[in-house]
Protein chains: 2
Amino acid sequence: MRSEDIAKLAGVSRSTVSRVINNYPNVPAATREKVLRIIEQHHYEPNSFARALAGKGTDTIGLFAISMNENEDESRIYQNSYFAPIVDIVVDTANAQGFYVLIHTIYSPDDFQKVKQAFQQKRIDGGILVGTQRDINFVSDMLGEGAPLVLIDYDITEIINERLDKDHLSIINSRDYEGTVEAIEYLINLGHQEIGIIKGRMSTFSGRERFLAYENTLKKHGLPIHDHFVLSGDFLKENAYREVVRMLDSGKLPTALFCSNDAMAISAMDALIQHGVTIPDDISIVGFDDALLASHVSPKLTSVRLPIDEMSRAAVEKIIELCQSGQSAFSTISFPTQLIVRDSCKSLSN
Amino acid sequence: MRSEDIAKLAGVSRSTVSRVINNYPNVPAATREKVLRIIEQHHYEPNSFARALAGKGTDTIGLFAISMNENEDESRIYQNSYFAPIVDIVVDTANAQGFYVLIHTIYSPDDFQKVKQAFQQKRIDGGILVGTQRDINFVSDMLGEGAPLVLIDYDITEIINERLDKDHLSIINSRDYEGTVEAIEYLINLGHQEIGIIKGRMSTFSGRERFLAYENTLKKHGLPIHDHFVLSGDFLKENAYREVVRMLDSGKLPTALFCSNDAMAISAMDALIQHGVTIPDDISIVGFDDALLASHVSPKLTSVRLPIDEMSRAAVEKIIELCQSGQSAFSTISFPTQLIVRDSCKSLSN
DNA sequence: CTGAAAGCGCTTACAG
DNA sequence: CTGAAAGCGCTTACAG
């Protein structure tokens, strides 16, 4: 069943059928009704490719998760507490608005090419990019294809410095800096003076923000930052485990450890407990993300909640808006975090 | 840049360019090389819609997760320990083979329509359906669209009884029956005689299999099945929690409880612990799925590992095979499970 | 082995 | 308000 068949049945031309389908104003109500009825009756669905070829959108958005880290386990990204909820919300929100979503993971430059192709071949109307590391080239490449783009977790200043054409770009962030400050000050208020950190991936905006906030907050409160309490974790639990064991071997432990994400926090807890260290009696732990696991480990993990649901929803709404309006001004939204206090921190005050 | 441009540059016709792109044999090596070179040089990508319109495939497969359960929390499906790894593996495996994947969740009949449309509009070459409940109509509807279909977790006998055209259908299952038998006999060997169950969703193949195996195994060993130890959980943690609390209130507890999935097992553990019941001293718990959480709760959960990764990979390989070969015979694969013994069960023997 | 032409099913100026 | 016609960028008989 093609538009031509509908046209015949309705006694009009394909042009008119098309006008009805696309909701153009210049069709009398009566004609519109008639055509609509025939369409309904026959469960007619316009061929999406023909529409796309003729210049219409595809009602499909892309969701691309970048994970180009040499030592990362390649195939666990959607079980990752960070990506899983994004997929979740993005798919549901987009679906609810009548959009399909095309998913592709980027583990390698090859994958990146495939994603570029998806844009070039016009398979999608726009894309959401998550996990972008500090590399503006990707972003400008994508942008060059002319399709709208939404970035989750990206440093705005980099975009601005590069003077990219930002007309169909939008950035969604969380206030990780403030969230980290809150977490660190919570520990300080508990009486902690020796506060360590497991850093996230520093090529990542959130990785840098969380570390910067840690540094600045300690400085602000006149507390020392010991190199041997600053561990590199790259957001990876294996690294966190290894680094914590190394710290244990060195014989020195801070009284509190801020972990740049929950995966690392939980891994650190495992390492500590296995070495006979008690949490929170011997050491307090704070995580970041408030992943599902956080409330299930023991002791329950105090963590900074990342508003990942809201962020994902905003990303979809933004991309759809950009797809539909042609373009709009560059925009950026930043969502607040929230410290969720559980049982992994102890007060030293009494 | 269109195929015509490539043709001009290469001094051939669009027909020949097309032949090269589609790897047809009737092109001399020299011509092929020449065309290929030009394509490379200009980073030419054939428009996917034009190809599709002209009758070629779309190199896209659909992944559709059905979750039409009234009382289920609507937007958590990909964080679900069952679906998350499927998304994971399906996306990665498909991507690695050069296929894109379109994801849509089915919460309502409306969503189901959208998925049917995806088939009708030829947006995808084939689809993977997961979470299908006992409703053959869906399956036959999809099959009616003529596209290949792979079902994960579906009772083959239903398909056979319906005499559906199975030429482009494939089913991927796990041996849940055997897995459950192994789990129950493990409990029996530990000395348990009063073994309860929290049932899964009985409209689901795996839900029925797990229950059936439970029943048959107890019978086989001459053990009683008490109605009040048979709880309905529908695979949902809220239900499991409620039912366990109800059982606690009744004052009678089995010595062991088999839970049809880990989500319910963990929820049951929460309920029991909160009511002062100690695991495994007062009651032994076995789960099913071996979800990520299983090894993180305390005590660590003994669970039947579901080979979901292998199943997902097989589903993708099968669907791609079906897409490419046009069609092949009906096939079905069933993967073995494995009992992972951890700390949630106690021996009563001594 | 290869090109001209028809066709896939839409949309959109254009003319009326 | 509406239809005929061109066009979107491919593929594929068909003829040679």
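The values are calculated or read from the model by the stated rules, or taken from the named source; none is laboratory data. Because the structure is a prediction, the values reported are computed rather than measured. Here Cβ is always computed from backbone atoms with ideal geometry, including for glycine, and neighbour counts include all displayed protein chains.
When region A:276-330 is filtered for residues that are touching a strand residue (DSSP E or B) at 6+ places or on another chain (Cβ under 8 Å) and of a type outside the set (A, V, I, L, M, F, W, C), the ones remaining, listed by number, are A:Ser284, A:Gly287, A:Asp289, A:Asp290, A:Thr302, A:Ser303, A:Arg305, A:Pro307, A:Glu310, A:Ser312, A:Lys318.
Assess whether A:Phe211 counts as being in contact with a Ser or Thr (Cβ under 8 Å, 6 or more places away or on another chain) and aromatic (Phe, Trp, Tyr). Yes, satisfied. State yes or no: is B:Ile124 in contact with a strand residue (DSSP E or B) (Cβ under 7 Å, 6 or more places away or on another chain) and in a loop (DSSP other than H, G, I, E, B)? Yes, satisfied. Within the option set A:Arg76, A:Arg32, being within 16 Å of DNA strand D (Cβ to nearest atom) and either closer than 30 Å to A:Ala291 by Cβ or at pLDDT 90 or above (or both) holds for one residue only, A:Arg32. Among the residues of region B:211-240, which ones are among the aliphatic types (A, V, I, L, M) and free of Cβ contacts under 8 Å to residues at least 60 places away in the same chain? B:Leu212, B:Ala213, B:Leu218, B:Leu223, B:Ile225, B:Val230, B:Leu231, B:Ala240, listed by residue number.
Matching residues to (1) buried (at least 22 other Cβ atoms within 10 Å of the Cβ); (2) under 19 Å from B:Gly55 (Cα atoms); (3) assigned by TED's automatic domain parsing to the domain that holds B:Arg208; (4) touching a residue at least 12 places away in the same chain (Cβ under 8 Å):
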residue	(1), (2), (3), (4)
B:Asp92	yes, no, no, no
B:Phe99	yes, yes, no, yes
B:Ile106	yes, no, no, yes
B:Gln113	no, no, no, no
B:Arg123	yes, yes, no, yes
B:Gly126	yes, yes, no, yes
B:Leu129	yes, no, no, yes
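I'd like the full set of residues that are within 14 Å of chain B (Cβ to nearest Cβ) and basic (Lys, Arg), limited to region A:30-55. Hit for region A:30-55 is A:Arg51, nothing else.
Residues in region B:5-18 that are within 10 Å of DNA strand C (Cβ to nearest atom) and under 44 Å from the mean Cα position of the chain (by Cα): B:Arg14, B:Ser15, B:Thr16, B:Val17, B:Ser18. In region A:270-283, the count of residues that are surrounded by 16 or more Cβ atoms within 10 Å (Cβ to Cβ), modelled with pLDDT of 95 or more and either within 30 Å of A:Ile159 (Cα to Cα) or under 19 Å from the mean Cα position of the chain (by Cα) (or both) is zero. Could you grab me the full set of residues in region A:86-114 that are within 18 Å of the chain's Cα centre (by Cα) and over 17 Å from B:Ile124 (Cα atoms)? Within region A:86-114, A:Ile86, A:Val87, A:Asp88, A:Ile89, A:Val90, A:Asp92, A:Thr93, A:Ala94, A:Thr105, A:Ile106, A:Tyr107, A:Phe112 meet the criteria. Across region B:291-303, not a single residue is classified as more than 28 Å from A:Ala291 (Cα to Cα), in contact with a helix residue (DSSP H, G or I) (Cβ under 8 Å, 6 or more places away or on another chain) and either not in a helix (DSSP H, G or I) or not charged (D, E, K, R) (or both). Residues that are of a type in the set (Gly, Ala, Ser) and within 8 Å of DNA strand D (Cβ to nearest atom) within region B:1-29 comprise B:Ser3, B:Ser13, B:Ser15, B:Ser18, listed in sequence order. Scanning region B:36-49 for residues that are within 11 Å of DNA strand D (Cβ to nearest atom) and of a type in the set (Val, Ile, Thr) returns a single hit, B:Ile39. Report yes if B:Leu102 is outside any helix (DSSP H, G or I), more than 7 Å from chain A (Cβ to nearest Cβ), modelled with pLDDT of 85 or more and farther than 20 Å from B:Asp234 by Cα, otherwise no. Criteria not met by B:Leu102.
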